């Protein structure tokens, strides 16, 4: 035993010498990969000396009740192991400090206190072995314990930020921010960054040299430049980082930390697109600006502050049941910590299904806030929403409701706030719901309800605040873009229909790739049939309004179905979709959400699949692919078409080079048309090659690109 103790003590002594050397020459040290791994084990091993010290304190307090022959041996060996673990922890922490981006002052304090703790532990071991120095031993032990507390505190500052432990007691009363008084940044943007970004980008820990906690340093950016490009979210580094695969080291937030929701990303993108102004208030933005709509929705669905939390007495759902209600396009979460009340937010209009609302029946008694803004909700869903008996806030802004069933909501005894902006409701449809006993606020901006009708309502219901012109100004406003009613895959028997949320607009469109004008382009009067995939461009116009910006979308039309499909190269394991059936299940993906079963993706090998036909023989095909350049998703560089009677007979009949992007552009699901052959081949093999090296203008230049496909069509 004594020989083992001497060996361990010699190892500890060597580590102390090494720590002193590292302190003096840290600027000249370059760690090999295996020592970087050791450094990253610091958070794992740091708990060992803490536990050992607590154990030794308890042992020393009980020493007189232990066997006097055995106790000194146990305590001595325990002290040696504690010193060894403290030394190894300090060494691993030193290795870790050379890898991360931490605030210099906070890192120095933690480093010095950690190394000092290592020295003190070794000193305590030596003192214990000198029986005549018991008084000094206990004094050194006390200093050692205090140093442990300091080292732990400074470490917490590095990982969690300044004053993390005492923050609940010392933060004081937080000023209440409102959409009327606060800047859009402080009201809607900063809370997102605080929840998802500040923990890694603060004064104590500045990953990549980027500090977001102060406006000046956020504007300045980090080691790789600014975090955002004003007016261009698609070119902003922070936005690109959100869309990278989780496995990518540059994906933010890192894997294992809470990720941003679609609404949060949309809010940040809208703020950057609007100029990334830190001081501008909502009233200073144009009413047609997308940031106006998003911030308004944020304001009408903001959960109560801690000081104003309501005590709900109904039973809550288990965490497992709440987790099952969350999808990439629907977020369900407690109104605030430990509350049984729930809020449900819906995202991505293209992915919306009525089934997603029906599934909320599992939380019918717990839902207090439901946000369906800009979802294709119709009057048919209103009776279902009326069954959520504890509902207090309902956001139906810019939905497809007409108001015919709105009276059903009168049954909601707790309904306080109803947002109906941008809908086609009329006064006669609104009248019944105003009898809801708790209703106090109704948003009616951009609806057919007139000022005179609102004035009459106000006299009849003086306790209700009607908000119709909170965004009124004297400028001519721009219309929002029109949209397709039947987005996704259009069946050959279905007709294509354009729509707009505002009544009385004229929609003009083109199908040849040119931008429509307000006079000569075809006016949309009735739905029309389509036989093949095409790009539609449309704009809305109305007297006293500026015409909308051009709406562009690819209309994917159902094609010929092969009798058999087969992958010759399986997709990347990260993005397997649902196998080869994903290519013809008519489930369209979303370019901003690549971690979704609609997509199959390739990177290290080309896409290669075979298709067999027996009665109808195609003459062309269309790839539906994700164009998300920030997430490395590019069009293929070239496509090979093999054809023949069967798989063995197939020969290469053409190779098509695909034009590559010259710079960042907007994310979208795009169509890539490939001509096949005028001959009637029963078998086709299609090979599509991903980008081997990303171009010099891309942030990931030299890396491999991806190709993401969700559907294939044959015509």
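We did not get these values from a lab; they are worked out from the coordinates using the rules stated. Model, not experiment: these values are computed from the prediction. Every residue, glycine as well, gets a Cβ built from its backbone with ideal geometry; the counts of neighbours run over all protein chains shown.
Please state, as a whole number in µm²/s, the translational diffusion coefficient that the Stokes-Einstein equation yields for the range 483-557 at 10 °C and 1.306 mPa s, with Rh defined as the Kirkwood radius across alpha carbon pairs.
Translational D for this selection: 125 µm²/s.
Compute the distance from the alpha-carbon center of the range 308-369 to that of the range 425-449, in whole Å.
25
Of 440, 679, 110, how do they rank once you tally other Cβ atoms within 10 Å and put the fewest first? Working shown, then result.
Numbers: 440 13, 679 9, 110 24.
Listed from fewest to most nearby Cβ atoms, that is 679, 440, 110.
To the nearest 10 degrees, how steeply does helix 71-97 sit against the main Cα axis of the chain, on a 0 to 90 scale?
40
Tell me what the chain gives for mean residue ellipticity at 222 nm when only DSSP H runs of n ≥ 4 count, each as -39,500 (n - 2.57), the sum divided by the residue total, rounded to 500 deg cm²/dmol. Don't skip to the end; give the middle numbers.
Numbers: 18 runs with 207 residues, N = 715.
Calculated at 222 nm, the ellipticity per residue is -9000 deg cm²/dmol.
Compute the distance from the alpha-carbon center of the range 657-700 to that of the range 582-604, in whole Å.
Computed from Cα coordinates, the inter-centre distance equals 15 Å.
What's the angle, to the nearest 10 degrees (0 to 90), between helix 104-129's Cα axis and the longest principal axis of the chain?
Helix 104-129 and the main axis of the chain meet at about 30 degrees.
Which of these values of semi-axes √(5λ) of the Cα gyration tensor in Å was calculated from the structure shown: [x] 45, 31, 23; [y] 40, 36, 24; [z] 56, 38, 23?
Recomputing semi-axes √(5λ) of the Cα gyration tensor in Å here picks out [z].
Determine, for each peptide in 693-700, 406-413, the mean count of other beta carbons within 10 angstrom over its residues, then list the peptides with the highest first.
Those peptides, ordered most packed to least, come out 406-413, 693-700.
Hey, can you rank 366-372, 14-20, 67-73 by average C-beta count inside 10 Å, highest first?
Values: 366-372: 23.9, 14-20: 15.0, 67-73: 11.1.
Order by mean packing, descending: 366-372, 14-20, 67-73.
How far is helix 134-160 tilted, in degrees, relative to the longest principal axis of the Cα atoms in the chain, given as a value from 0 to 90 rounded to the nearest 10?
Once rounded, the angle reads 10 degrees.
Can you sort 623, 568 from fewest to most other Cβ atoms within 10 Å of each residue's own Cβ?
Result, fewest neighbours first: 568, 623.
Restricting to the chain, what percent of DSSP beta bridges are antiparallel, rounded to 5?
75
Label-point separation (nm) for residue 549 and residue 8, each offset 7 Å from Cα along Cα-to-Cβ?
Inter-label distance under the simple model: 6.7 nm.
Using a 10 Å cut-off on Cβ atoms, rank the peptides 461-468, 189-196 from the highest mean neighbour count down.
Most protected by this proxy first, the peptides run 189-196, 461-468.
Calculate the length of the line joining the C-alpha centroid of the range 1-68 to that of the range 181-237, in whole Å.
Using only Cα atoms to place each centre, the spacing works out to 38 Å.
Only counting other Cβ atoms within 10 Å, I'd like 352, 333, 346 sorted with the fewest neighbours first.
Going from least to most buried by this count: 333, 352, 346.
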